[in-house]
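Each reported figure results from applying straightforward, stated rules to the coordinates on display, with no laboratory input. No experiment lies behind these values; they were computed from the predicted model shown. Here Cβ is always computed from backbone atoms with ideal geometry, including for glycine, and neighbour counts include all displayed protein chains.
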Amino acid sequence: MSSDRRGGRRAATILMLALVPTVAAAEMAPERFSGERAMEWLHAQCDLGPRPPGSAALEELRQMIERHAADLGLRCQRVCFEASDPLSGQPLEICNLIVSTVPTDGARLWLGAHYDTRPIADRDPDPANRDQPILGANDGASGVAVLLHLMELLAESPPERGVDLLFFDGEDSGPAGDPDGFCLGSRHLASTWQDFSSPLAAGDPRALVLLDMVGKRGLSIGMEAYSSRFAPELTLAVFDRAMQLGLSAFEARPATPVYDDHVPFLEAGLPAVNLIDFDYPQWHTVEDTPEQCDPAALEQVGRLVVSLVYDRMPGF
Ligand SMILES: [Zn+2]
């Protein structure tokens, strides 16, 4: 009798799914991405002060990310290595963080952002500020804020596909104009992720979507030139999705090339796209503060990322 009743209920459920597939899909999707919630995470980072590589504040942020993952039941691993500080020549420990949904094997989508901030405001209009560290509300905290809120949605609604969140250290660490001093963490990860000891070794990454400087008020993201040149299919697919979602912060127009954390992965043969609005007068100045940022901008980027996670792009 009980099995009959279960059978009846199952038949009814199947019928309901067949009749109203959109309702069923909506039930599986996570709660809407909240720009306000992401903004709280942006503030939480900036409240720590500037977070240059090797600083106590960056270690505090690292622990904040690890605690957040632990609270949500997500796996988070540190991958550290010794580097030399491109500005001072002193030894410098660089630590990437990797947050993964389980299982950790199979086809994966990688989402990345750098969580360090620039040690010097070398673009500041006031020469007296140019040896000061920046707060990095947009350049650093914005992409991380989107990923920290996304972690909450991943925990609440585990996605069918595998997802790894890559928090890069040492992105913004070099003297201006010298690419070798930048992207320390991502270059290390791009060259070691297949090593036996790497938390990423079992996975089969299909694409990296990088978020950098995604928080400014009046956000407008074009197709960054390295992305569209070396990963044209991925870049088009991501911008197509943004258009389908009606996200006005994204415009399918050519945009300036930026040497950023996606480049080492492009060089390694992984399709990678950098979502960045590089038109930011406060870039590498002490004015890169939360006042420049806007929950609405974070929400546009978050909605795109949620869509890429829960509604897989063909081929990626
Ligand atoms: Zn920067």
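Derived scalar couplings between HN and Hα for the stretch 300-313 equal 4, 5, x, 5, 5, 5, 4, 4, 5, 6, 9, 9, 4, 6 Hz in order, rounded to whole Hz, by the Karplus curve 6.51 cos²θ - 1.76 cosθ + 1.60 (θ = phi - 60°), x for Gly and Pro.
Ignoring everything except DSSP H segments at least 4 long, calculate the 222 nm mean residue ellipticity for the chain; use -39,500 (n - 2.57) per segment, divide by total residues, nearest 500. Mind showing how you got there, number by number?
On the way: 10 runs with 119 residues, N = 316.
Calculated from helices alone, the mean residue ellipticity at 222 nm is -11500 deg cm²/dmol.
To the nearest ten degrees, helix 142-156 and the longest principal axis of the Cα atoms of the chain are 20 degrees apart. Taking one quarter of the surface of the convex hull spanned by the alpha-carbon atoms of the stretch 128-188 gives a direction-averaged projected area of 5.6 nm². Sort the stretch 165-252 into rounded, prolate or oblate with this rule: let a ≥ b ≥ c be the square roots of the eigenvalues of the Cα gyration tensor; rounded if a/c is under 1.5, and if a/c is not under 1.5, prolate when a/b is larger than b/c, oblate otherwise. It is oblate, given that a/c is not under 1.5 and a/b is not larger than b/c.
Could you please report the charge total around Phe81, scoring K, R as +1 and D, E as -1 over all other residues with beta-carbon less than 10 angstrom from its beta-carbon?
Working: positive: none; negative: Glu82, Glu93, Asp169.
Value of the local net charge: -3.
For the chain, modelled as a GNM whose springs connect Cα atoms under 10 angstrom apart, the maximal fluctuation among Gln194, Gln244, Gln282 occurs at Gln244. What do you get for the angle between helix 56-72 and the principal long axis of the chain? Use alpha-carbon atoms, 0 to 90 degrees, nearest ten. The answer is roughly 0 degrees.
Under a 5 Å amide H cut-off, with hydrogens placed 1.01 Å from N, Phe250 pairs with Ile221 among residues at least 5 apart or on other chains. By the rule of a second cysteine Cβ within less than 4.7 angstrom, the chain holds isolated cysteines at Cys46, Cys76, Cys183, Cys293. Across the stretch 192-232, no residue has a backbone nitrogen under 14 Å from the label position 7 Å along the beta-carbon direction of Gln132. Each Lys and Arg contributes +1 and each Asp and Glu -1, all at the Cβ; summed about the Cα centre of the chain, the dipole is approximately 1540 debye. Each DSSP beta bridge with both residues in the chain is either parallel or antiparallel, and the antiparallel ones are about 40%. Would you work out if the stretch 32-310 is rounded, prolate or oblate? Take a ≥ b ≥ c from the square roots of the eigenvalues of the alpha-carbon gyration tensor; rounded if a/c is under 1.5, else prolate when a/b is larger than b/c, oblate otherwise. Rounded shape, in that the Cα axes give a/c under 1.5.
At a threshold of 8 angstrom on Cα-Cα distance, excluding pairs fewer than six apart, so keeping six or more, what relative contact order does the chain reach in percent?
Values: 637 pairs, mean separation 73.3, N = 316.
In percent, rounded to a whole number, it is 23.
Compare the peptides 247-254, 218-225, 134-141 by average per-residue count of other Cβ atoms within 10 angstrom and give them in order, highest first.
Values: 247-254: 16.0, 218-225: 19.8, 134-141: 27.8.
Per-residue mean Cβ counts within 10 Å order the peptides as 134-141, 218-225, 247-254.
For the stretch 232-305, the square roots of the Cα gyration tensor eigenvalues, ordered a ≥ b ≥ c, give a/c of at least 1.5 with a/b no greater than b/c, which places it in the oblate category.
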